[in-house]
Amino acid sequence: MAAEDTLILRARDFWTALVLIAVSLFFLWKTSDIPLFGSNRAGVSGADWYNSAAIVPLGIFSGLLVLSFVLLAISIRSGGAAHALTRAGIGWNPSEALRFGTIALMLLAYIAGLVPRVDFILCSGLLITALIFGYQGGHPQRMILSTVFVTAAGAFALLAYGPQAEWNSHVDDWVTLALWALLTLIVLSQAKQTPVLRVVPLIAVLAPFILVCAMAFGFRQNVPARGGLIFKQIEYHYYVTLRPLWRT
Amino acid sequence: MEFILNQLSGFGGAFVALVVDPLTYAYLITSVFLGIAFGALPGLTATLAVTILTGFFGNKIPLDYSLIALLGAYVGAIYGGSYPSILLNIPGTAASAATAMDGYPLAKAGRGGEALGLTTTASFIGTVIGTLALLIFVWVLLLISKNIASPEKALLALFGILLSGTLMSEDLVIKGWIAGLIGLAMAMVGLDPILSEPRYTFGWSYMLSGFQVVPVLMGAFAVPQIIEGLRHTATGTMVALKGRVVPKLGVVRKYLPTIGRSGVIGTGVGALPGVGEDVAGWVSYGVGKTVSKEGDTFGKGSMEGLLSSETANNACIGGALIPLLVLGIPGSPPAAALMGAFKINNVIPGPTIDPEIILRVVAIMVLASFTMFIMGLFTAKIFIRILRIPQTVFLPVVMVLTTIGSFSVGGGINDLYLMLAVGFVAYFMNLMKYPIAPLVIGVILGGLFDETLRRSLLLSDGDLSVFVSRPGAAILLMLNLALVLSQLPLGKRLLARMKRTPA
């Protein structure tokens, strides 16, 4: 490892050590909620120290605290603390920050906003289209545009239909479908410059369709948003139209 | 002798039962194909292949078929990593990093077909060597492990986490230990295994059952890989495959000593808890460079160099299954994913495992290596085409696969939140050179460690001497202490001085 890389690592280790110390202390404090030295609850005598549910976590978080201090000492001795606040020391890279930030936002919108509420084929199709378009070629504008589409769909679903009781609404399905269609048009308009983009609509439709059908009808497992716009139709026709063909 | 014959006849029975079942082939061919494809695609790893298939096949089909799918993918993926190493100079998996050193120069010299054919043969022989070791040593260890009680189990689990942390750290060893402790800490969430006392649940009922293994596996292994891989990279110039792939018998015979040696090294390294195929490949490559007559040409296009790493990484699979099946401690990161599959099928690997399962695992391994061998020799061109797919195209599909796989095991959205949270943490840990395997092993072994440690103390009324009064426990305690002390500055200085002192 080059000396410069090591210095960046030690600067990051400085911050990590501080976070780990804070986390260890917090969980050591939370461990104090668990009876350690023979509790007495409602007149029933609890466990001895050696059988307490707190003994192992206590050891783990104490160990983590000690190791965090050792890491902090290593970092300070290697010059990590001195460079901890500098841009170069932390190894800040704006393009990498944009790349990670946009991916993180899209994944958050997908998992927290879309998957629980929106039809799985629709939301996964949108995600696949956005991720391929955003990161094939490494264009920052495309990353941002893709993120806008996915987060807009996710935020709408999350904010408009947050509570579980409202997850069956189809308005967010339609919004996601519209955003997906619009993004697909943009993707296809760029396909001349990036030929790979031509196959994106095909992958975006087929991959989630095959996966959700395999999981629901092949493995007979639960799938997210069973009442979604498209899956509801697939499920209906599978049981009502198709299945009787081979059941009879 | 009678013992070996008994094992062989038991293995024969399991093998025939699998061979006569037509479904075996369906699962085997699909999983080995998927495994090779995962290994061949730079950005996807063997661990990811086993993890994702655990989400799909883990608890949805009978255990036998599930094992066929997972072991087939494991064997295929470790072998598949050799394709981009040889033809693109990009290791498909970490296990094939050493392969690229000699594979690419060989392909550039017009010997790509020969390199690929011999790699396939060596990987096959390596897997069989590892599997034979599994068949023989697993029984010897099982006999010993009958004497293993709670104190030994607790110390073994700790040793597995510490050793994995020590050997898997790229940067400071302390980072491996921290990762292991974070994994152990995650395993403490939920109702404790003895008194059912809630721990760190923050009043959330989902947390009462603790963190589920599959979302943690998906988060730790898949999400960081997806985030890391979603960047534009030039595909690289692929060297055209020249020459026949099917190797000549005489050439194979010439390299048999190298293949045999590397197979034994790979199996041995694999048997160390938590140490993966990449370490096996490099160790075997290093040994090969030292002992081989053509050691000077290693790194410049040596066939022996290529076979040293490729045989060892496949032999490592059988080795990695030994501690998994006998002690319940995964021998490598993909084996940790495999343990997740065992857990969700309510099979507890370790001294109490049903011996029939071990025989079936061995039979599946042999069949999987045969399938890999045949596919590798006769369908190489299909896998070479796969190499052309950019990772920005297949990784989004992997994300969707991961999501539905993780959701279907537990059937809840909370598992997806857990997966994403673990994924982000694991990404930053990767960025700061913290190994992820010790974290996963910590999560998997945490429950066992907690339960057995407290049970030991409970049975001895809190007497700590229970960890030294039993010979097995005393040895394991010494090993744990020696491992920690050897990494302290004083221990390192002592070791260095011992090395300098002539014998």
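The values are calculated or read from the model by the stated rules, or taken from the named source; none is laboratory data. Being a predicted model, the structure only gives us computed values, none of them experimental. As a convention, Cβ positions derive from the backbone with ideal geometry for all residues, glycine included, and neighbour counts pool all protein chains shown.
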Inset, instruction - Name every residue in region A:107-118 that is surrounded by fewer than 24 Cβ atoms within 10 Å (Cβ to Cβ) and either in contact with an Asp or Glu (Cβ under 9 Å, 6 or more places away or on another chain) or assigned to a helix (DSSP H, G or I) (or both), in order of residue number. - result: A:Leu107, A:Leu108, A:Ala112
Inset, instruction - Give region A:1-33 a look and list any residue that's among the charged types (D, E, K, R) and more than 10 Å from chain B (Cβ to nearest Cβ), or say none. - result: A:Glu4
Inset, instruction - Could you grab me the full set of residues in region B:213-245 that are of a type in the set (Asp, Glu) and more than 14 Å from every other protein chain (Cβ to nearest Cβ)? - result: none
Inset, instruction - Report whether or not A:Ile121 is more than 9 Å from every other protein chain (Cβ to nearest Cβ), in contact (Cβ under 8 Å) with a residue 12 or more places away in the chain and either touching a Leu at 6+ places or on another chain (Cβ under 6 Å) or assigned to a helix (DSSP H, G or I) (or both). - result: yes
Inset, instruction - Report yes if B:Leu181 is within 29 Å of the chain's Cα centre (by Cα) and either closer than 18 Å to A:Leu9 by Cα or assigned to a helix (DSSP H, G or I) (or both), otherwise no. - result: yes
Legend entry - Elements of type helices (runs of 4 or more DSSP H) contained in region B:208-287, each with 2 or more residues being under 20 Å from B:Leu377 (Cα atoms): B:249-254, B:256-271
Legend entry - Single unsatisfied condition, B:Lys248 versus (1) free of Cβ contacts under 8 Å to residues at least 60 places away in the same chain; (2) within 9 Å of chain A (Cβ to nearest Cβ): (2)
Inset, instruction - Specify the residue that is nearest to B:Trp282 (Cα to Cα); the eligible residues are those in region B:68-97 that are surrounded by fewer than 24 Cβ atoms within 10 Å (Cβ to Cβ) and either of a type in the set (A, V, I, L, M, F, W, C) or modelled with pLDDT of 85 or more (or both). - result: B:Ala97
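This table checks each residue for (1) more than 19 Å from B:Gly80 (Cα to Cα); (2) touching a residue at least 40 places away in the same chain (Cβ under 8 Å).
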{"site": "B:Gly286", "(1), (2)": "yes, no"}
{"site": "B:Asp296", "(1), (2)": "yes, no"}
{"site": "B:Ser302", "(1), (2)": "yes, yes"}
{"site": "B:Glu310", "(1), (2)": "no, yes"}
{"site": "B:Cys316", "(1), (2)": "no, yes"}
{"site": "B:Val326", "(1), (2)": "yes, yes"}
Inset, instruction - Could you please let me know if A:Gly134 is outside the structural domain of A:Arg10 (by TED's automatic domain parsing), free of Cβ contacts under 8 Å to residues at least 60 places away in the same chain and among the small types (Gly, Ala, Ser)? - result: yes
Legend entry - Output for region B:303-361, where each listed residue is surrounded by 24 or more Cβ atoms within 10 Å (Cβ to Cβ) and out of contact with any helix residue (DSSP H, G or I) (no Cβ under 7 Å at 6 or more places or on another chain): B:Phe342
Inset, instruction - For region B:397-409, name all the residues that are at the interface with another protein chain (Cβ under 9 Å from one of its Cβ atoms) and touching a residue at least 60 places away in the same chain (Cβ under 8 Å). - result: B:Met399, B:Leu401, B:Ile404, B:Gly405, B:Ser408, B:Val409
Legend entry - Test: residue in region B:98-106 that is over 13 Å from B:Leu306 (Cβ atoms) and at pLDDT below 85: no
Legend entry - Restricting region B:410-419 to residues that are among the hydrophobic types (A, V, I, L, M, F, W, C) and more than 19 Å from B:Thr45 (Cα to Cα), the residue that is farthest from the other protein chains (Cβ to nearest Cβ): B:Leu418
Legend entry - B:Ile194 being of a type in the set (A, V, I, L, M), more than 30 Å from A:Gln136 (Cβ to Cβ) and either in contact (Cβ under 8 Å) with a residue 40 or more places away in the chain or in a strand (DSSP E or B) (or both): yes
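A quick yes/no check of all residues on (1) touching a helix residue (DSSP H, G or I) at 6+ places or on another chain (Cβ under 6 Å); (2) assigned to a loop (DSSP other than H, G, I, E, B); (3) among the β-branched types (Val, Ile, Thr); (4) crowded, with 20+ Cβ neighbours inside 10 Å:
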{"site": "A:Ala82", "(1), (2), (3), (4)": "no, yes, no, no"}
{"site": "A:Glu96", "(1), (2), (3), (4)": "no, no, no, no"}
{"site": "A:Phe100", "(1), (2), (3), (4)": "no, no, no, no"}
{"site": "A:Gly134", "(1), (2), (3), (4)": "yes, no, no, yes"}
{"site": "A:Gly137", "(1), (2), (3), (4)": "no, yes, no, no"}
{"site": "A:Trp174", "(1), (2), (3), (4)": "no, no, no, no"}
{"site": "A:Leu183", "(1), (2), (3), (4)": "yes, no, no, yes"}
{"site": "A:Val187", "(1), (2), (3), (4)": "yes, no, yes, yes"}
Inset, instruction - Quick one: in region A:208-245, of everything that is loosely packed, with under 14 Cβ neighbours inside 10 Å and among the aliphatic types (A, V, I, L, M), which residue is nearest to the other protein chains (Cβ to nearest Cβ)? - result: A:Ile210
Inset, instruction - Test B:Lys343 against the criterion of being within 23 Å of the chain's Cα centre (by Cα) and among the charged types (D, E, K, R), and give yes or no. - result: yes
Inset, instruction - Considering only residues that are among the polar types (S, T, N, Q) and out of contact with any Leu (no Cβ under 9 Å at 6 or more places or on another chain), look in region B:403-419 and name the one that is farthest from A:Ala214 (Cα to Cα). - result: B:Asn414
Inset, instruction - Only one of these is more than 10 Å from every other protein chain (Cβ to nearest Cβ), over 23 Å from the mean Cα position of the chain (by Cα), surrounded by fewer than 24 Cβ atoms within 10 Å (Cβ to Cβ) and part of a helix (DSSP H, G or I): B:Leu377, B:Leu453, B:Leu367. Name it. - result: B:Leu377
Legend entry - When residues of region A:153-172 are limited to those that are part of a helix (DSSP H, G or I) and in contact with a Leu (Cβ under 7 Å, 6 or more places away or on another chain), the one farthest from A:Leu127 (Cα to Cα): A:Ala157
Legend entry - Out of A:Leu183, A:Leu177, A:Leu202, A:Leu197, sole residue that is within 14 Å of chain B (Cβ to nearest Cβ), at pLDDT 95 or above and over 21 Å from A:Ala104 (Cα atoms): A:Leu202
Inset, instruction - State the number of residues belonging to region B:1-45 that are at pLDDT 85 or above, in a helix (DSSP H, G or I) and among the hydrophobic types (A, V, I, L, M, F, W, C). - result: 17
Inset, instruction - Kindly indicate the residue of region B:468-491 that is within 19 Å of A:Gly63 (Cα to Cα) and in contact (Cβ under 8 Å) with a residue 60 or more places away in the chain and also farthest from the other protein chains (Cβ to nearest Cβ) among those meeting that condition. - result: B:Leu479
